[in-house]
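Trainee: Please read through the structure below; I'll follow up with questions.
Please treat every number below as a calculation from the coordinates, not as lab data. This one's a predicted model, so the numbers in the text were calculated from it and none came from an experiment. Note that we place each Cβ from the backbone using ideal geometry, even for glycine, and neighbour counts take in every protein chain shown.
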Amino acid sequence: MDHAEHRRRARQRAAQRLERAVDRERDAIALHEHAAAFHQTIAAELDDAALTVADSAQADQLRRRAATERDLADGATGRAAGVRARLAAGGVAHDR
């Protein structure tokens with residue numbers, strides 16, 4: 001193998017590594033978005049449950065748990081945005 005062939009193969013391996021890294025980042029975005037949707041759904045369920053409970057202390061506890069779930073959803077959304085920003089900084093577009 002001559003020097004030019006060695007360089008060509010090295011560039012090819014680097015391109016493959018980059019493609020795998022981008023795929024992992026896109027997978028991470030999808031997972032974070034899924035987690036955010038999950039936490040939002042749980043928060044909505046807890047809010048609904050709080051409306052049906054007669055005990056005000058239990059209703060307050062359910063509302064606090066719902067707020068925690070919304071915070072978790074916000075965190076997951078932020079992580080997805082961070083991954084998108086990393087891709088954009090690397091010149092990679094991400095389709096939503």
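Trainee: Can you tell me the length gained on complete extension of the stretch HIS3 to ALA89, counting 0.36 nm per residue apart and subtracting the Cα distance?
Mentor: Contour length minus Cα-Cα distance gives 27.7 nm.
Trainee: Where does each of 54-66, 30-42 land if you order them by average Cβ count within 10 Å, highest first?
Mentor: In decreasing order of mean packing, 54-66, 30-42 become 30-42, 54-66.
Trainee: Along the charge dipole of the chain, Cβ charges K/R +1 and D/E -1, which of ALA50, ALA66, ALA36 sits furthest on the positive end?
Mentor: ALA36
Trainee: Still on this structure: Enter the angle in degrees (range 0 to 90, nearest 10) between the Cα long axis of helix 56-89 and the first principal axis of the Cα atoms of the chain, meaning the one along which they spread out most.
Mentor: 10
Trainee: Given +1 on the Cβ of Lys and Arg, -1 on the Cβ of Asp and Glu, and no further charges, what dipole in debye does the chain carry about its Cα centre, rounded to the nearest 20?
Mentor: 900
Trainee: Between the helical axis of 3-52 and the dominant principal axis of the chain, each derived from Cα atoms, what acute angle in degrees is found, rounded to the nearest 10?
Mentor: Roughly 10 degrees, rounded to the nearest 10.
Trainee: Shape call for the chain from the C-alpha gyration tensor, a ≥ b ≥ c root eigenvalues: rounded (a/c under 1.5), prolate (a/b greater than b/c) or oblate?
Mentor: It is prolate, given that a/c is not under 1.5 and a/b is the larger ratio.
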